[in-house]
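The values are calculated or read from the model by the stated rules, or taken from the named source; none is laboratory data. Computed from a predicted structure; not experimentally measured. For neighbour counting, all protein chains shown are included, and Cβ atoms are generated from backbone atoms with ideal geometry for every residue, glycine included. Surface accessibility is based on the protein's heavy atoms, side chains included, excluding ligands, DNA and RNA. Shrake-Rupley method; radii C 1.70, N 1.55, O 1.52, S 1.80 Å.
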Amino acid sequence: MHRPDVLIIGGGTAALCAAIAARRAGASVLLAEAAPRTLRGGNTRHSRNLRFMHESSTPLSSGIYPEQDFRSDLDRATGASGDPALSQLLVRASADATDWLSEAGVHFQPTAGGLLPVSRRTAFLLGGGMSMLNALYTTAERLGVEIRYGCAVGDLRIGAQRLEQVQLMEDGAGHWIEPRASVACCGGAQANRDWLRRHWDSAADGFLNRGTPFATGGVLESLFAQGARRVGDPTTAYLVAVDARSPADDGGIVTRIRCMPSGIVVDRHGRRFRDEGGDTASTRYAVWGQRLAHCPDQIAYLILDARALRSAPPSLYPPIQADSLASLAERLKLPPSVLAATLADYNAATEPGEDAQDPVGWHTRDLDPPKTAYALPLTELPFAAYPMRPGITFTYEGVAVDRYARVLREDGDAIPNLFAAGMIMAPNIVPRGYVSGLALTIGIVFGRIAGIEAARHALQ
Amino acid sequence: MHSSEHRDEARRVLGICDACGYCNGFCDLFEAARRRPALGDGDLAHLANLCHACRNCLYACQYAPPHVFAVNVPRTLTTLRQDTYVEHAWPKWLALLLEHSRLSTLIVTLVATGIMIALILAYAPPDALFDRHLGAGAFYRVLPWGAMAAIGAIPLAWSCLAIGIGLHRYWRRIRTAPVPLTTRALADAMRDVVLLRNLRGGGPGCNDLDDRLSHARRRLHQTLAGGVLLSFTATLVATLYHHTFGWEAPYPILSLPVMLGALGGIAMTLGALGFLWLKQREDPEPTAPEARRSGAAILGLLLWVALTGLALLIWRASAAMGLLLALHLGSVLALFLLLPYSKLVHAGYRFLSLLIEAMEQQHKRAK
């Protein structure tokens, strides 16, 4: 029976960092990636930047980001619901994440080019996550990590003492192996419709999965079934508003709909339900994702007029346009009279702020729900619409780990040869909320820790 | 597919790029595309020629095949670029040389070589072709200088005219924004040509062969282009020697024309062989079959020019000189004739697109 020192389950950032770290520590490493080579890398495929503390200036960001700032940003986003010790470990260990990646062949995009969003908190990968994956896979191969694509983990056998066996599924057939240590880096269950239906009921059918179709949560379920402790909340998920016409999986960054403040959002009955001007920070993506999840049939329509459309950012699909509101309603299959009344009520209620030239000041009077900013009347033909659905990015349920990234049992004991890194254990740190660039940082920091610790255990 | 379908595909693909933007650190293309959201035909022609076909954006693409969006920017723009060569060819019917690059290169080379042999035979008795000729003016006993200069200069002048007309039309088509042409922009564009800044993947290099990065394509290009320039300079110096000083070829090994020519020939040989090796090994996914064919055709011709030139240098004192001279002059004649109707035409279009890009960047900085 094949017996690697360390088995890495997964193929994204956490998996590669764990594999490289374990191999460098002297262990023989087998990496089992469920996806074929062309779709390797989990949701790292869609990522672009990582959050890192740095107390001196760096060409990779526009200013310093001290430990306290990172901690307080994290606490604010999560309502301080994350494990404090692991959060602190993450923040401190993030300090050398970019150096470690650079040394492993990853390239960053310096801010000096002036082509990046200004961010002192995150470093941007040159070419995004796919480029990082290419570099890390090349490095892992060069170091002698054995990589198997199309190789999923079917099941695990955890005994009283340790993880005993792991079942690898290749070409439709399963076989059991006995790695000395294993690292689970295979993400959450957001691509698993049955799993989503269990927690969201029929609403799950209205969700689109923004990321890899391979995040099916089989390993997560197997771990729970054998007594691993749960963290986070299975009934919540990080959702953003995406174009309803997007593919069911893997739509990534381009499917987002971002310009709600420019228009009005109506549900499938043609009625407004939220203040579209209330959220203008980047957090609005997630706010609208949650709102859409609670809409009838999980769908809503952003209605714009020609003027608003001119200010909209580029979109994946062209907006649905029509020369009259009635024909727009027809194309969207919305009740025309309700939509007309909604728009008429809205337009009648709009009024400028102190400076009529400044769109921010425009708001509605005596309208429920109100629109508190950017409430310009929508009158210029043609009208346009983007249909929107909630796009699931990740789920807030994972396995509990200790500071060595070892998986914990219900009673709090660590399984000595089973480790977890990346989004499968991210809910230890973010049981709710999110800050940009955090997923990669968790993958890098805990991937490295898990790899080193797994190698140490295997070589004992 | 027709070129209008190629343009529709480019609009679809660049629309996705516009919403994504992850690749904007690799080269100038993606920001240039963002500056022209309408993506009119002229915009697309400009962007297609601004693309240096470095491939990084395919390897970095989360939407590359087998993803359902099937985004392949380098292939899409390469196809479109081939279309712009055809669309701007003058006279129009000679665009068929571009469309059948391998066959046309072969035929033009054979015909040109045949003409040279015929000229030599017409000028000198048949055995002169295989006689040894030594000392000053040896070449011209096989073919007189005037004839040699004329069969070089006339096709070259024709080609310059044809390229000039194509470039003029192209320039009018891509200059869609009222941005001033400045010497600074011109200098920036020249620097971008010398450094091939857009073929560096933002610094670390390009996916020349596979998912690893290298600078092979950039270095091979400059080796080849440098070799061509050195060889051309050698010819100019020799012309100067002949005209101004009355010194007749062949020149000694340590003379400037021979040194420049030999160095140029060696650089061309290495560059062309390296490129051909790269084309054998490279992933064909980021490029288009017609571009691979036209690339290989012109590399073959450049290699033939270099090898016949080097052979002429080595065996110029032997009885083979007459034949080698005919082969070399035939290859050069073919090269001159094909300048506007082969892959070589990319140089002008790309330079103009780099110039527009430099103008726009300077304009943006000044604002």
Report task. Calculate the radius of gyration of the Cα atoms of the stretch A:44-88 to one decimal place, then report Dmax, the largest Cα-Cα distance, as a whole number, both in Å. Result -> 12.3, 33
Query raised in the report: Other chains near B:204-212: what is the mean number of their Cβ atoms within 10 Å of each residue's Cβ?
Result: 3
Report task. Among B:Ala19, B:Asn49, B:Ala60, flag the residue with its Cα farthest along the positive direction of the charge dipole of the stretch B:1-88, charges on Cβ as +1 for Lys/Arg and -1 for Asp/Glu. Result -> B:Ala60
Report summary line: Order by accessible surface, 1.4 Å probe, largest leading, for residues A:Lys333, B:Lys364, B:Lys279, A:Lys371 comes to A:Lys333, B:Lys364, B:Lys279, A:Lys371
Report summary line: 1/(1 + (r/R0)^6) with r = Cβ-Cβ of A:His269 and A:Asp99, R0 = 60 Å, i.e. FRET efficiency to nearest 0.05, evaluates to 0.65
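Given the -39500 (n - 2.57) contribution per DSSP H run of 4+ residues, what per-residue ellipticity at 222 nm results for chain A, rounded to the nearest 500 deg cm²/dmol? Don't jump to the answer; show the numbers that get you there.
Details: 12 runs with 131 residues, N = 460.
Rounded to the nearest 500, it is -8500 deg cm²/dmol.
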Requested in this report: Could you pull out the chymotrypsin sites (Phe, Trp or Tyr not before Pro) across the stretch B:187-279 that fall in loop regions by DSSP (anything but H, G, I, E, B) with no more than 15 other Cβ atoms inside 10 Å?
Outcome: B:Trp247
Query raised in the report: What nm value, rounded to one decimal, do you get for the distance between A:Arg403 and B:Lys364 when each label is placed 7 Å out toward the C-beta?
Result: 4.7
Query raised in the report: Which one of B:Leu236, B:Leu98, B:Leu199 has the biggest mean-square fluctuation once chain B is modelled by GNM with Cα springs under 10 Å?
Result: B:Leu236
Report summary line: Sorted by accessible surface (1.4 Å probe, heavy atoms of the protein chains only), largest first, A:Ser102, A:Ser61 come out as A:Ser102, A:Ser61
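When the dipole is taken about the Cα centre of the stretch B:92-366, and only Lys, Arg (+1) and Asp, Glu (-1) are charged at their Cβ, what size is it in debye, to the nearest 20? Please report the intermediate quantities before stating the final value.
On the way: 25 positive and 15 negative charges, 149 e Å.
So the dipole magnitude of the stretch B:92-366 works out to roughly 720 debye.
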Report summary line: Taking R0 as 22 Å and r as the Cβ-Cβ distance between A:Ser202 and A:Thr235, the FRET efficiency 1/(1 + (r/R0)^6), rounded to the nearest 0.05, comes to 0.90
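Which trypsin sites (Lys or Arg not before Pro) in the stretch A:374-460 pass both tests, a DSSP loop state and at most 16 other beta-carbon atoms within 10 Å? Intermediate values should be presented prior to the final figure.
Values: sites: A:Arg403, A:Arg406, A:Arg409, A:Arg432, A:Arg448, A:Arg456; in loops: A:Arg403, A:Arg432.
Taking the stretch A:374-460 and a limit of 16 other Cβ atoms within 10 Å, the loop trypsin sites (Lys or Arg not before Pro) found are A:Arg403, A:Arg432.
Compute the signed sum of charges (Lys and Arg +1, Asp and Glu -1) over the other residues within less than 12 Å, Cβ to Cβ, of B:Leu278.
+3
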Query raised in the report: What's the longest piece of chain A with no exposed GluC sites (Glu not before Pro), counting a site as exposed if DSSP puts it in a loop and it has at most 16 other beta carbons within 10 Å?
Result: A:56-353
Report summary line: Between the Cα axis of helix B:3-20 and the main Cα principal axis of chain B, the angle (0 to 90°, nearest 10) is 50
**Report entry** Rounded tilt (10° steps) of B:145-174 against the dominant C-alpha axis of chain B
**Finding:** 10
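At 0.36 nm per residue, minus the direct Cα-Cα distance, what do B:Lys279 and B:Leu209 gain on full extension? Give it in nm, one decimal, please.
Numbers: separation 70, 0.36 × 70 = 25.20 nm, distance 0.87 nm.
Using 0.36 nm per residue and subtracting the Cα-Cα distance, I get 24.3 nm.
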Report summary line: The answer for the per residue Cα convex hull volume of the protein assembly as shown, in Å³, is 199
Query raised in the report: In square angstrom, rounded to the nearest 10, how much accessible surface does B:Trp304 have for a 1.4 Å probe?
Result: 100
Requested in this report: Find the centroid of the Cα atoms in the stretch B:227-304 and in the stretch A:115-132, then give the distance between the two in whole Å.
Outcome: 41
Query raised in the report: So for the stretch A:344-455, taking the charge dipole from beta-carbon charges (+1 Lys/Arg, -1 Asp/Glu), which of A:Ala454, A:Ala400, A:Pro352 sits furthest toward the positive end?
Result: A:Ala454
Query - Residue of B:His243, B:His168, B:His221 that the Gaussian network model of chain B assigns the largest fluctuation, springs spanning Cα pairs under 10 Å - result: B:His243
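Tally Lys and Arg at +1 and Asp and Glu at -1 over the other residues with C-beta under 13 Å from the C-beta of A:Arg284: what net charge comes out?
On the way: positive: A:Arg256, A:Arg258, A:Arg274, A:Arg291; negative: A:Asp275, A:Glu276, A:Asp279.
Taking every other residue near A:Arg284 into account, the sum is +1.
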Report summary line: Taking r as the C-beta separation of B:Ala70 and A:Glu164 and R0 as 60 Å, the FRET efficiency to the nearest 0.05 is 0.85
Query raised in the report: Between B:Ala187 and B:Val111, what is the spin-label point distance in nm, taking each point 7 Å from the Cα along the Cα→C-beta axis?
Result: 4.5
Report task. Please work out how much accessible surface A:Ser131 shows to a 1.4 Å probe, ignoring ligands, DNA and RNA, in Å² rounded to 10. Result -> 30
Report summary line: Once normalised by the length of chain B, the mean sequence separation of its alpha carbon contacts under 8 Å that are 6 or more apart gives a contact order in percent of 28
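Heavy atoms only, 1.4 Å probe, whole protein assembly: order A:Ile415, B:Ile154, A:Ile253 by accessible area, highest first. Could you put the intermediate results ahead of the total?
Details: A:Ile415 0, B:Ile154 115, A:Ile253 35 Å².
Largest accessible area first, the residues go B:Ile154, A:Ile253, A:Ile415.
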Query raised in the report: To the nearest 20 debye, what charge dipole does chain A have about its Cα centre, counting +1 at the Cβ of each Lys and Arg and -1 at the Cβ of each Asp and Glu?
Result: 680
Query - Signed unit charges on C-beta, dipole axis of the stretch B:92-366, positive-most listed residue B:Ala112, B:Ser353, B:Ala138 - result: B:Ser353
Query raised in the report: What number, rounded to the nearest 500 deg cm²/dmol, is the helix-based mean residue ellipticity at 222 nm of chain B, given -39500 (n - 2.57) per DSSP H run of at least four residues and division by all its residues?
Result: -22000 deg cm²/dmol
Query raised in the report: Could you state the number of Å between the C-alpha centres of the stretch A:288-315 and the stretch A:177-249?
Result: 26
Query raised in the report: Against the longest alpha carbon principal axis of chain B, how many degrees, from 0 to 90 and to the nearest 10, is the axis of helix B:216-240 turned?
Result: 40
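Å³ per residue of the Cα convex hull, for chain A?
On the way: hull volume 68.7 nm³, N = 460.
In chain A, the Cα convex hull volume per residue is 149 Å³.
Name the helices (complete DSSP H segments) of chain A with a Cα length along the long axis of 24 Å or more and a Kyte-Doolittle mean of at least 0.5, or state none. Could you put the intermediate results ahead of the total?
On the way: long enough: A:438-459 (31 Å, 1.26).
TM-like helix candidates: A:438-459.
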Query raised in the report: Using all Cα-Cα distances in chain B, what percent lands in each 20 angstrom bin from 0 up to the longest?
Result: 27, 53, 19, 1
Query raised in the report: In debye, nearest 20: dipole of the stretch B:1-88 around its Cα centre with unit charges on the Cβ of K, R (+) and D, E (-)?
Result: 200
Report task. Just round it to a whole percent: the fraction of Cα-Cα distances in the stretch B:269-322 exceeding 15 Å. Result -> 55
